[in-house]
Amino acid sequence: MPTFLDFEKAIAELDNRIEELRETAEGSDLNIDAEIGRLEAKTERLLRETYARLTPWQKTQVARHPDRPHFKDYVAGLVEDFMPLAGDRAFGEDPAIIGGLGRLGGRKVMLIGHEKGDDTASRLTHNFGMAKPEGYRKAIRLMKLADRFGLPVVTLVDTPGAFPGVQAEERGQAEAIARSTEACLALGVPMVAAIVGEGGSGGAIAIATANRVIMLEHSVYAVISPEGCASILWRTAERASDAAEAMRVTAQDLKALGVIDRIVAEPVGGAHRRPAEAIAALGEAVGEELEALAALSRAEVRTDRRAKYLALT
């Protein structure tokens, strides 16, 4: 059964009704195809109406949906001959960030991204996509490797933020994030970053300071989570919805502000309902952005990227 969000109660009721009808008709002579078709059409219509008017807080909930495609799903759906590369050559391996070589649309790329995991065991393994310093130092190593061999870099961002634990701070979390951001800016090869779920704080920016930043329609991108912002401003996380509204975290807001370059439409009801369609749409968008950057020289790639971020100041 799909996982329904709080604002999807009416949709959930219709879905449950459809399932009940199918179970009732199973093994009997009842013909309820017309009724099921009517309910399915009503569900589709309600999905369209609901997702056309999502609030920033509701979009945040969609961006965090556990069934939303993750890094490994994008690799499986888009990348051929993926060869993962592990370790930061200094401390260890951080599975919160995965990276490696592969072919995206026939083009050789270095692919780097956050992995949240899709069940309890894998979420613990990947630390819910919250990277430690070694994760960002691995990303730096892979970006430099891509630069050396002239391979474009593609990053998939989906993290609530960098891991805030004591051990991470002891190992230089802030420095690692800053160095990773610096490495993005220094690349002489094209870089495209895609926010596919949550783009949280410096943990996202560290691998998203790209020539082109694109976002899935219902993803979010912000310097702090709505709950964190509400806790600071109003001393309670219960006002997270107010914070999300004020922070302008949605793809639509960020496109209007010039922070991102492109919004990739999601299937009706979000990427978690039709992941294959969402994955294909993102792959097409990334391919188009890489193609547009392919003709630039190394100097032009750097100039293009730095000009983009200087214009935001």
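Out of all the residues in region 121-146, which are touching a strand residue (DSSP E or B) at 6+ places or on another chain (Cβ under 8 Å) and among the charged types (D, E, K, R)? Within region 121-146, Lys138 is the sole residue that qualifies. Beta carbons closer than 8 Å, at least 6 apart along the sequence or on distinct chains, pair a first residue in region 253-281 that is free of Cβ contacts under 8 Å to residues at least 40 places away in the same chain with a second that is among the acidic types (Asp, Glu) and not in a loop (DSSP other than H, G, I, E, B) for Pro267/Glu277.
For region 208-236, give me each residue that is under 12 Å from the mean Cα position of the chain (by Cα) and either among the small types (Gly, Ala, Ser) or not in a strand (DSSP E or B) (or both). Matches in region 208-236: Ala208, Glu217, His218, Ser219. Pairing residues of region 240-251 that are in contact (Cβ under 8 Å) with a residue 24 or more places away in the chain with residues that are part of a loop (DSSP other than H, G, I, E, B) and surrounded by 17 or more Cβ atoms within 10 Å (Cβ to Cβ), at Cβ distances under 7 Å and at least 6 apart in sequence or on separate chains, gives Ala251/Glu217; Ala251/Ser219; Ala251/Ile260. The residue of region 37-82 that is nearest to Gly113 (Cα to Cα), among those that are free of Cβ contacts under 8 Å to residues at least 24 places away in the same chain and part of a helix (DSSP H, G or I), is Ala76. When restricted to residues that are of a type in the set (Val, Ile, Thr), in contact (Cβ under 8 Å) with a residue 24 or more places away in the chain and either over 22 Å from Ala251 (Cα atoms) or in contact with an Asp or Glu (Cβ under 7 Å, 6 or more places away or on another chain) (or both), region 154-195 contains 4.
In summary, Gly105 fulfils each of the numbered conditions (1) crowded, with 17+ Cβ neighbours inside 10 Å; (2) under 20 Å from Glu289 (Cβ atoms) with the single exception of condition (1).
Scanning region 213-227 finds one or more residues that are among the polar types (S, T, N, Q), in the same structural domain as Ile112 (by TED's automatic domain parsing), under 21 Å from Gln58 (Cβ atoms) and crowded, with 24+ Cβ neighbours inside 10 Å.
The values are calculated or read from the model by the stated rules, or taken from the named source; none is laboratory data. All values reported here derive from a predicted model rather than from experimental measurement. Heads up, the Cβs are rebuilt from the backbone with ideal geometry, glycines too, and the neighbour counts pull from every protein chain shown.
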